[in-house]
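Student: Sharing a structure below in structure tokens format, with a few things to ask.
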Amino acid sequence: MTIKKFLNKKMVMGLASITALSMLTACGATKDKSTESTNTEVSTENATNTETTEAETVTVVDQNGMEATIPTNPERLVTTALPLPSIYALLGQPIDYLVGVHPGSTSAIENSIMAAMYPELVGIADNFIEGTDVNVEELLKLEPDVVLYWAEYLEQYEAMNNAGITAVGVKTQGNGDVLTTLESWLEIMGQVFGDTGNVDAVIEYGREVEAEIAEKTAEIAEEDKPRVLYLYNHSADDISVSGSDFYGHYWITAGGGTNVAAELTGPTSVNMEQIYEWNPDKIIITTFTETMPEDLYNNTIDGQDWSQVDAVKNGQVYKEPLGVYRWFPPSGDAPLMLKWMAQTLNPDLFTYDMGQEIKDYYARFYNYTVEDSQVDGILSANPEAAKGANFGGASAK
């Protein structure tokens, strides 16, 4: 028997002993008060206990098709899936129920408006995971009711399950369709917490924005759509772009552009020769990387010459915003990303006042008043927010 299993067994035995002692004490107290109608009282008590037990847990089916039994109204949530804190914030649950996050979430929280909106999340525990490796001993110290994790990382599930930790997996849905994925996560959140708060309203609004943009971009001839490269992870050692079946492809096509890397699948590493061949009109850089537009304009990346690319020559390189989370994957700000992308790719067709859009959105869905300086912070993302989000050339999305 492993140490982990032995400890778990000891914990269970200890809890069982405490429960038994409590029941005996309660029975003794009842006898002291009255011996009348004992059988009726015991029957009623047993019925009440049965009803309570049935209501104390709920069974959730995660996105791996696995069942997990968790406490009803869990009060200690941990997530290793980076975007989920921003979505949890929309549920209306107490923010301090979130007791542990991935370091990639921490860097986003501490370098974004989230730190001001939810100061309780600054300094939240994140020492239980590094990259994709879970430290079960540290995780157990957080006493989680449930852990929401990336369903692709089954080794995390096995480690947590072996330690007696309840885990629920989420994954990308709909070939990288952001709103479809967000909607599927909403279903999981609804199962776990019994309420979806503002998330369903965000999705409904997002679909309205998506349709509004699609109606306008349908007027653009295919040959007139901007050819766009989405830099996913980037450094001197790696150039990773968003191909099809991934979030970047969704954003580009939803915004009325053509993804030059559509021939690839998911995030894929490429070289500069491939980028020269594509020669995109516009480049979007995620907040999963510290690279900023100035790095491409000034050719500061060793071994890479971006000066030959049209997007760089014409000043058409953009860093995606960072609000309650990075705007690349599904997040609480997904409808805002739709508007920002449409306007960035087709500024002659879309004239959103993004500052006002952000203020109105946060007031409506987060009940939070955004200051002008915070708008600037969202639209000019801090490169420090990328720290902890890159897992050695991969990312937690």
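The values are calculated or read from the model by the stated rules, or taken from the named source; none is laboratory data. In this text, all values refer to a predicted model and were calculated from it rather than measured experimentally. When we count neighbours, we look across all protein chains shown, and the Cβ atoms used for this are built from the backbone with ideal geometry, even at glycine. Each accessible area value is taken on the protein alone, full model and side chains, heavy atoms only, with ligands, DNA and RNA left out. Shrake-Rupley method; radii C 1.70, N 1.55, O 1.52, S 1.80 Å.
Student: When averaged across all projection directions, what area in nm² does the alpha-carbon convex hull of the stretch 184-269 cover?
Tutor: The Cα convex hull of the stretch 184-269, projected and averaged over all directions, gives 7.5 nm².
Student: Sort Arg326, Arg364, Arg207 by heavy-atom solvent-accessible area, probe 1.4 angstrom, most to least.
Tutor: The residues order as Arg364, Arg207, Arg326, largest area first.
Student: Run the simple label-point estimate for Glu273 and Glu143 please: 7 Å along Cα→C-beta, distance reported in nm.
Tutor: The answer from the label model is 6.0 nm.
Student: How big is the charge dipole of the stretch 218-314 about its Cα centre, in debye rounded to the nearest 20, if each Lys and Arg gets +1 on its Cβ and each Asp and Glu gets -1 on its Cβ?
Tutor: My answer is approximately 200 debye.
Student: If the only charges are +1 at each Lys and Arg Cβ and -1 at each Asp and Glu Cβ, what is the size of the charge dipole of the stretch 275-345 around the Cα centre, to the nearest 20 debye?
Tutor: Taking the Cα centre of the stretch 275-345 as origin, the dipole is about 340 debye.
Student: Here's another thing I want to ask about it. Calculate the dipole size of the stretch 62-191 relative to its Cα centre from +1 charges on Lys and Arg beta carbons and -1 charges on Asp and Glu beta carbons; express the result in debye to the nearest 20.
Tutor: That gives the stretch 62-191 a dipole magnitude of about 220 debye.
Student: Could you state how much accessible area Asp353 has, in square angstrom rounded to the nearest 10, with a 1.4 Å probe and all protein chains kept in place?
Tutor: Probe radius 1.4 Å; accessible area of Asp353 about 90 Å².
Student: Quick one: if you stick a label point 7 Å off each Cα along the C-beta vector at Asp224 and Ala236, how many nm between them?
Tutor: With each label placed 7 Å out from Cα toward Cβ, I get 4.4 nm.
Student: Continuing with this model, one more query. Calculate I(q)/I(0) for the stretch 109-250 by the Debye formula, one identical point scatterer on each C-alpha and no solvent, and give its log10 at q = 0.09, 0.11 Å⁻¹ to two decimals.
Tutor: The Cα Debye sum returns log10 ratios of -0.43, -0.64.
Student: Would you kindly state how much longer the chain becomes between Glu208 and Ala125 on full extension, computed as 0.36 nm times their sequence separation minus their alpha carbon distance, in nm to one decimal?
Tutor: The span from Glu208 to Ala125 would gain 26.2 nm if fully extended.
Student: At a 1.4 Å probe radius, carbon and sulfur cover how many percent of the accessible area of the stretch 143-212?
Tutor: The C+S portion of the solvent-accessible surface of the stretch 143-212 is 40 percent.
Student: Let me ask you something else. Can you compute the modelled spin-label distance between Glu384 and Lys313, with each label point 7 Å from Cα toward Cβ, in nm?
Tutor: Distance between label points: 3.8 nm.
Student: Once amide H atoms are placed 1.01 Å from N in the peptide plane, what residues at a sequence separation of 5 or more from Gln173, or on another chain, have their amide H within under 5 Å of its amide H?
Tutor: So Gln173 has HN proximity to Thr181.
Student: Between rounded, prolate and oblate, where does the stretch 292-397 land on the alpha carbon gyration tensor, with a ≥ b ≥ c its root eigenvalues, rounded for a/c under 1.5, else prolate if a/b exceeds b/c?
Tutor: Here the stretch 292-397 falls in the oblate category.
Student: Please compute the per residue accessible area over the stretch 213-331 with all protein chains in place, 1.4 Å probe, rounded to a whole number of Å².
Tutor: Solvent-accessible surface per residue comes out at 38 Å².
Student: For the stretch 70-139, what does the accessible surface come to per residue with a 1.4 Å probe? Please give it in Å².
Tutor: Each residue of the stretch 70-139 exposes 33 Å² on average to a 1.4 Å probe.
Student: Same structure again: Leaving ligands, DNA and RNA out of it, rank Glu130, Glu158, Glu384 by accessible area with a 1.4 Å probe, largest first.
Tutor: Ranked list, largest accessible area first: Glu130, Glu158, Glu384.
Student: Leaving out ligands, DNA and RNA, what percent of the accessible area of the stretch 243-397 is carbon and sulfur, probe 1.4 Å?
Tutor: 43
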